[in-house]
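The values are calculated or read from the model by the stated rules, or taken from the named source; none is laboratory data. Computed from a predicted structure; not experimentally measured. Here the Cβ is made from the backbone with ideal geometry for all residues, glycine too, and neighbour counts use every protein chain on show.
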């Protein structure tokens, strides 16, 4: 028990297995930032040009770092007494004042905002002074932070007495001091001694991202609700596309960034931290872009709206690309570099959409952006098809499989059937050793490869079409305000068609044609290679029997399986190997899964074109020796078959494999004969009965 009136802060050190939850006062503290972000967004909406955006970004950086300063303090110190709560309320009052005063900064009223910011920074200084007094092991750390925050606050206090525009320079110096303070050598050493709780920090920044995302779409809803005109189907559709884009951004961040682990590379933690600043700026500006683009002009986007919309989304994707660069995703089945390049490519495409925005209808711009966002979500699902929760469940089930019980039926229910090793969940593999794009396409479906080729072709031509539009009159005989004409000329150049109707007419266009021709040839060569490699991959059409029978052969028990060449072509010098995957415990108590070879009556065929009955005698050397249908599952996990042979059609070696599990063993059964001789002397094989068995008459 501790006093609610007053108790000393406790230094929090993250421990394995310990999970720290966000405190209620932290959530209450975050809500104040909703009003602040709304006010900043409104200020940007009133002046949505480059100067207005830079001023908005500068104020946002100050407010964001004020939030970050308290977040780091609450991450390192546990305290929730009355004094702490009162100081937090004072800080919230200062943030509320900043929210009210933020729009006035754009009108030159900088002094009140500076005083409010000084109040916010003084509170965080008091937090660290208190920690310096009461937490002895963290005195050096507390003293450093209190000093740097105090120096930064001093610059802001001085700025209150300096007229614009010099006040912006002083603010920049004060904010730079605070932002760069963690990079100091001594402070970095102290941070290594008292590291922050990474899981708690990820949750805190995730909550802030949710607040910013929610605020960005609230702007659209509030603007449509306040509109004097009745909202039509077109405007409602644009609002739906805006919501789809917002949901996609949420999906990308919370499925990718939040569940990724920071790489152990120099400066990665700081890059991860500060990349959230442009991310939050971009999401907030995205909401303003939605507000300006949706419902205002149903035909053509405003001159500022399309750049604000696409530019802010490009900033979001660029920030996520940097976050992907410094993190690794455990459940990702592909190299993490694929995520980075996907985000970087999305930045280019979104900026290209911004170029054509001035001559394109609103709904087209929103639809194109939504398509880019949804494509990233689908790519994320393909890269990481399983969630961390499912992986933990699989690991838990695999643990259950190792637990033995006296009741074999109950043990079989807990253990279940072992799945194909290619379906194994790979968690935490080094990024450079994961599957690359070549593996992704070669082992994926044809639909995946066709979709990637079509999407890549369309996006590449959209980018080049936007570049042609940038210079009016660059393409002869083309309407300078027609995206369709520019796109058509790009397709002709990219695919080296060249009908002759549309031609480059300026040195700028000629240079683009050269660059696009090179890209088109490279794209064609790459796609041709992938399609040819995938189409020419040899595949064996080996049909394996579903059951494996345990019967008697030449007076002794034997395991019998059956396979057939379903294609019926020539497979020369075919060979088969049977192995048993056994669950064993060594003499010194180590549980291991060992592969035991299974001797066969015949393990090769000179010509494999019909069927093949494979027989393994169960003798003293067999892994199945001494087992029956009641205890086989105690030791045998699966019987594995691997078949190789030279395929005459492909002129290459082909292979196939199959698993039989104990619950597929049919005891005292033999296969039904599927071979017969036709009247004209030809052999016939009936695959309809290929898996059928009948009782073994040799069994008593």
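Look at (1) under 20 Å from the mean Cα position of the chain (by Cα); (2) at pLDDT 80 or above; (3) buried (at least 17 other Cβ atoms within 10 Å of the Cβ) and you find that residue 289 fails only one, number (1). For residue 174, the test of being farther than 18 Å from residue 58 by Cα and either surrounded by fewer than 16 Cβ atoms within 10 Å (Cβ to Cβ) or in the same structural domain as residue 111 (by TED's automatic domain parsing) (or both) is failed.
Only residues that are farther than 12 Å from residue 669 by Cα and not in a loop (DSSP other than H, G, I, E, B) were counted across segment 682-696, and they come to 6. Where residues in segment 424-449 are exposed (fewer than 12 other Cβ atoms within 10 Å of the Cβ), assigned to a helix (DSSP H, G or I) and at pLDDT 70 or above, which of them is nearest to the chain's Cα centre (by Cα)? Here the residue is 438. Any residue at all in segment 53-66 that's outside any loop (DSSP other than H, G, I, E, B), without any contact (Cβ under 8 Å) to a residue 40 or more places away in the chain and assigned by TED's automatic domain parsing to the domain that holds residue 191? Checking segment 53-66: at least one residue is outside any loop (DSSP other than H, G, I, E, B), without any contact (Cβ under 8 Å) to a residue 40 or more places away in the chain and assigned by TED's automatic domain parsing to the domain that holds residue 191. Would you confirm whether or not segment 515-537 contains a residue that is touching a strand residue (DSSP E or B) at 6+ places or on another chain (Cβ under 8 Å) and either loosely packed, with under 14 Cβ neighbours inside 10 Å or over 30 Å from residue 645 (Cα atoms) (or both)? The answer is no, given that none of the residues of segment 515-537 is touching a strand residue (DSSP E or B) at 6+ places or on another chain (Cβ under 8 Å) and either loosely packed, with under 14 Cβ neighbours inside 10 Å or over 30 Å from residue 645 (Cα atoms) (or both). In segment 174-187 there is no residue that is over 37 Å from the mean Cα position of the chain (by Cα), within 21 Å of residue 110 (Cβ to Cβ), in a helix (DSSP H, G or I) and without any contact (Cβ under 8 Å) to a residue 40 or more places away in the chain.
Every listed requirement among (1) more than 32 Å from the chain's Cα centre (by Cα); (2) closer than 20 Å to residue 178 by Cα; (3) in contact (Cβ under 8 Å) with a residue 40 or more places away in the chain is met by residue 74 save one, (1).
In segment 630-643, the qualifying residues are those that are without any contact (Cβ under 8 Å) to a residue 60 or more places away in the chain and surrounded by fewer than 20 Cβ atoms within 10 Å (Cβ to Cβ), and the one that is nearest to residue 593 (Cα to Cα) is 635. All of 127, 113 fail the test of being under 19 Å from residue 101 (Cβ atoms) and either outside any helix (DSSP H, G or I) or out of contact with any strand residue (DSSP E or B) (no Cβ under 7 Å at 6 or more places or on another chain) (or both), apart from 113.
In segment 571-590, the residues that are not assigned by TED's automatic domain parsing to the domain that holds residue 615 and surrounded by fewer than 18 Cβ atoms within 10 Å (Cβ to Cβ) never reach a residue that is at pLDDT 85 or above and outside any strand (DSSP E or B) with C-beta atoms less than 9 angstrom apart, at least six apart or across chains.
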